[in-house]
Amino acid sequence: MTAEKMKAAVLEKPYEIAVKEVTRPVPGPDEVLIRIHCIGICGSDVHYYSHGRIGRYAVEEPIILGHEAAGDVVEIGEKVSALAIGDRVAIEPGVACGKCSYCKSGRYNLCPEVEFMATPPFDGAWAEYAAVRSDFVYKLPEEMTYEEGALLEPFSVGFHAMSRGRVKAGDVLFISGLGPIGLLAAQAAQAFGVATIYASDVVPARRELALEMGVKQVFDPSAENIPQKIKEFTDGEGADICVETSGNRFAMGETVHCVKRGGRVVFIGMTQEETIPVNLNHVIDSELDLFGIFRYANVYEKAIRALTGGESKLKKVITHSFPLDQIKEALEMAEHQQDNSVKIMIYPGQTTLKMGGPNSDTVGAKK
C-alpha cells in the first residue's frame, strides 16, 4: 500500500526552508491524526530558522518546525476512547514519558525524555497533518476558535508563570517585554484576577496593543528608568511580582529592582548570555523569590476553563496570517518584526481565510 503524502515546510539549514511533499504520519494505537487548521510562529521557530540551534538543541538534519497548533481529528488509534473523528482540538506539543520521577510528581515539563514538537530531532506541525498521543490533545469548547486553540500553547506559558509565581487577585504585576508571551501573560494574569498590570517594551505598537488588552500603564525601557517608573506608580514600593519575558540581559538584571521587599520575580524569556548581572545582596536583603519557567505542566485544561465563558482577547495578538506556501515570507516578517508583526498564524492548505475574527480576510494581509 502506497503511503499517503502531505505538504510540510521543511527546514534544511538556517534560512533554507521549503514546502515539500512528505509522508503523512500514521497514528499509533494511542495517537490521533489531526488535520492542522492553523499554527502559530513562535520565537523558537524563528531562532531555529535564523541560527539552526537553541542552546544544546541543534538542527543537524531536515526538520519540520511549528508547535502552536489546532485542528480537527481525522483518524484515531485503536486504543483511543476519549476523542472522536471530527473533534476540534488543540495540541499540547510536549509528550512526556509518564514514567520518570518528574512525570510522576506532576512536573512532566522537566521530563528528560520529553518529545517536544519542533525541537530537534522531533518534527513539528508546519504541515497539513500531525499525529499526536491522545492524552496531549484537548477538545475545544464550541465557543473557542481554532486560533484561540493554537494560542493555548503560548498562553499556557503565561498561565504556568502565574501559578509558579503564586499570583493572586489584588497583586500589582509588572511584565517586562510585550512580545506574544508577554501579552498573553497579561491575559493569564487577568484570568487569575489581577487588575493592576504595568508593562514595558521598546516597540510602540506593542505598548499600544498591551493597553488594548487590559494593561494599565506601559513604559519605554529605551527612554525611561523602569524600576523608578514602577515605584512612582506604586507609592515607592514596587510591584508584588515581575514577569520577565524579553530575555534581554539588562532587563533581566533590572527585574529585582522592580518588585517590593518580599516580592517575586518570574523569568520566562531565555537569553543567549552565559551570565546575567543580578544584585544578589539586594535579593537577599529584600527576601525576594526568583522562579524559572520552562514551558508548562498540567495547564491546558485549566487554561481552557479560564478562557471559556468570558470575553477572550487572545486573538488580538494575531497581526498577520499566511498560507503554508508562504512560510519563508512569514518567517522573514517574524524575524525582522516587519509591519509591527506580533503573532503570525499559518494556515496549511488554505489560500483564503474562512472564519470570523482575525482570519476573515485574505491570507498574508494584516489583521
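The values are calculated or read from the model by the stated rules, or taken from the named source; none is laboratory data. Fair warning: this is a prediction, and the values are worked out from it, not measured in the lab. Quick reminder, even Gly has a Cβ in these numbers, built from the backbone with ideal geometry, and neighbours come from all protein chains shown. Ligands, DNA and RNA are stripped out before the accessible areas are found, and what is left, the full protein with its side chains, is counted by its heavy atoms. Shrake-Rupley method; radii C 1.70, N 1.55, O 1.52, S 1.80 Å.
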Given the conditions (1) among the acidic types (D, E); (2) touching a Cys at 6+ places or on another chain (Cβ under 8 Å); (3) open to solvent by 40 Å² or more (accessible area, probe 1.4 Å), report the number of the one that E147 does not fulfil. (3)
Residue match in the range 126-141 (condition: open to solvent by 40 Å² or more (accessible area, probe 1.4 Å), part of a helix (DSSP H, G or I), out of contact with any Phe, Trp or Tyr (no Cβ under 8 Å at 6 or more places or on another chain) and not basic (K, R)): yes
Need the failing condition index for P358 against (1) buried (at least 21 other Cβ atoms within 10 Å of the Cβ); (2) at pLDDT 95 or above, just the number. (2)
So which residues in the range 232-251 are touching a Phe, Trp or Tyr at 6+ places or on another chain (Cβ under 7 Å) and either within 22 Å of S44 (Cα to Cα) or open to solvent by less than 10 Å² (accessible area, probe 1.4 Å) (or both)? A239, C242, E244
State all residues of the range 235-264 that are in contact with an Asp or Glu (Cβ under 8 Å, 6 or more places away or on another chain) and of a type in the set (V, I, T); if no residue qualifies, say none. I241, T255, V259
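So that you can scan it fast, the table gives a plain yes or no per residue for (1) assigned to a helix (DSSP H, G or I); (2) over 30 Å from G55 (Cα atoms):
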{"position": "G253", "(1), (2)": "yes, no"}
{"position": "Y296", "(1), (2)": "no, no"}
{"position": "G310", "(1), (2)": "no, yes"}
{"position": "H320", "(1), (2)": "no, no"}
From the list E31, E92, which one is touching a Lys or Arg at 6+ places or on another chain (Cβ under 8 Å) and buried (at least 20 other Cβ atoms within 10 Å of the Cβ)? E31
Restricting to the range 307-330, what's the tally of residues that are touching a residue at least 60 places away in the same chain (Cβ under 8 Å), out of contact with any Phe, Trp or Tyr (no Cβ under 7 Å at 6 or more places or on another chain), surrounded by 15 or more Cβ atoms within 10 Å (Cβ to Cβ) and farther than 22 Å from A205 by Cα? 3
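Suppose we filter F136, F116, F159 for residues that are within 18 Å of the chain's Cα centre (by Cα) and farther than 17 Å from A303 by Cα; which single one remains?
Numbers: F136 fails: farther than 17 Å from A303 by Cα; F159 fails: farther than 17 Å from A303 by Cα.
Selected residue: F116, the only one of F136, F116, F159 that is within 18 Å of the chain's Cα centre (by Cα) and farther than 17 Å from A303 by Cα.
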Test result for G86, part of a strand (DSSP E or B) and modelled with pLDDT of 95 or more: no
F192: passes all of (1) open to solvent by 10 Å² or more (accessible area, probe 1.4 Å); (2) touching a residue at least 12 places away in the same chain (Cβ under 8 Å); (3) more than 19 Å from T308 (Cα to Cα) but (3)
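Out of E75, E61, which single residue is in contact (Cβ under 8 Å) with a residue 24 or more places away in the chain, within 23 Å of E148 (Cα to Cα) and of a type in the set (D, E, K, R)?
On the way: E61 fails: within 23 Å of E148 (Cα to Cα).
Testing whether each residue is in contact (Cβ under 8 Å) with a residue 24 or more places away in the chain, within 23 Å of E148 (Cα to Cα) and of a type in the set (D, E, K, R) leaves just E75.
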Select from the range 260-290 the residues that are over 18 Å from E237 (Cβ atoms), in contact (Cβ under 8 Å) with a residue 24 or more places away in the chain and not in a loop (DSSP other than H, G, I, E, B) and list them in ascending order. V266, F267, L290
Are any of the residues in the range 194-206 in contact with a Lys or Arg (Cβ under 6 Å, 6 or more places away or on another chain), among the β-branched types (V, I, T) and on the phi < 0 side of the Ramachandran plot? yes
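From the residues in the range 152-182 that are in a helix (DSSP H, G or I) and of a type in the set (V, I, T), which one is most open to solvent (accessible area, probe 1.4 Å)?
If we filter the range 152-182 for residues that are in a helix (DSSP H, G or I), which is where we start, we get 152-164, 180-182.
Add one more test, that the residue is of a type in the set (V, I, T), and what stays is 157, 181.
On the way: V157: 17, I181: 47 Å².
For the range 152-182, the residue satisfying everything is I181.
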How many of the residues making up the range 206-231 are open to solvent by 20 Å² or more (accessible area, probe 1.4 Å), touching a helix residue (DSSP H, G or I) at 6+ places or on another chain (Cβ under 6 Å) and closer than 20 Å to G269 by Cα? 1
